[in-house]
Every structure is written in structure tokens, then in C-alpha cells.
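Heads up, the thing below is written out as C-alpha cells.
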Amino acid sequence: MLHRIVSIESLPGRSLAVEFSDGETLIKDLNEVISRGNLAAPLADPNFLRQVRITERGRSLLWPNGLEFCADALHVQGKKVNQDTLEYA
């Protein structure tokens with residue numbers, strides 16, 4: 001199934017809440033990716049992290065430096081949450 005991102009929210013602790021077109025909201029913790037450095041290193045700055053945008057057709061997330069995360073990978077790697085409180089379920 002091709003997942004599509006409909007909204008994102010930057011959360012404390014270097015995480016994103018990602019809502020998909022199927023109605024599911026998942027949390028993606030970015031700390032492991034940030035620790036690898038390279039293009040992901042700027043994500044450690046909350047101001048840069050918030051510059052994320054959803055690409056056309058919702059198939060990925062993109063930052064100004066070219067770092068991109070695929071919607072399908074985010075759906076697989078994300079943790080399910082209680083949508084009312086955005087806490088891990």
C-alpha cells in the first residue's frame with residue numbers, strides 16, 4: 001500500500017507526529033537518525049526540524065537541506081499513538 005502523509009507536527013524530544021491518509025497517526029523519533037550525522041545532523045536544531053514540509057502527493061517529508069523521508073518507511077518505523085493525546089499507545 002502506498003501511504004500518504006496528510007499532516008505533521010514537530011514534538012519535543014526530536015520527534016514528529018505523522019498523520020497518514022488512512023487516519024493513523026504515528027510518532028517517529030529522530031534521535032537515532034540525528035546521531036548518524038551527515039544530512040540528518042541539522043535535525044538536532046528544533047528550528048530546523050520545524051522547517052519540514054510534506055512533498056507533493058504526500059509521499060515524503062522534505063527539509064531545506066534535501067533530507068527526505070519516504071512515507072512508507074515512516075509508516076513502518078513509526079510508533080502507534082493515542083491520537084487524542086499523542087502519547088505512545
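The values are calculated or read from the model by the stated rules, or taken from the named source; none is laboratory data. Here the structure is a predicted model, which means the values were calculated and not measured. Every residue, glycine as well, gets a Cβ built from its backbone with ideal geometry; the counts of neighbours run over all protein chains shown.
Structural remarks
- Sole exception among (1) hydrophobic (A, V, I, L, M, F, W, C); (2) surrounded by 13 or more Cβ atoms within 10 Å (Cβ to Cβ); (3) within 23 Å of residue 80 (Cβ to Cβ) for residue 2, by number: (2)
- Yes/no for residue 43 being part of a helix (DSSP H, G or I), of a type outside the set (Gly, Ala, Ser), touching a residue at least 12 places away in the same chain (Cβ under 8 Å) and surrounded by 15 or more Cβ atoms within 10 Å (Cβ to Cβ): yes
- The number of residues in the range 15-35 being in a loop (DSSP other than H, G, I, E, B) and either among the acidic types (Asp, Glu) or modelled with pLDDT of 95 or more (or both) comes to 4.
- The range 46-69, residues that are more than 16 Å from residue 10 (Cβ to Cβ) and surrounded by 15 or more Cβ atoms within 10 Å (Cβ to Cβ): 58, 59, 60
- The set of residues in the range 46-75 being of a type in the set (S, T, N, Q) and assigned to a strand (DSSP E or B) consists of 60 alone.
- Identity of the residue in the range 22-33, free of Cβ contacts under 8 Å to residues at least 40 places away in the same chain and surrounded by 13 or more Cβ atoms within 10 Å (Cβ to Cβ), that ends up farthest from residue 9 (Cα to Cα): 33
- Scanning the range 1-14 for residues that are assigned to a strand (DSSP E or B) and either of a type outside the set (Ser, Thr, Tyr) or touching a Lys or Arg at 6+ places or on another chain (Cβ under 8 Å) (or both) gives 5, 6, 8, 9, 10, 11.
- Members of the range 39-89 found to be among the aromatic types (Phe, Trp, Tyr) and at pLDDT 95 or above, listed by number: 48, 63, 69
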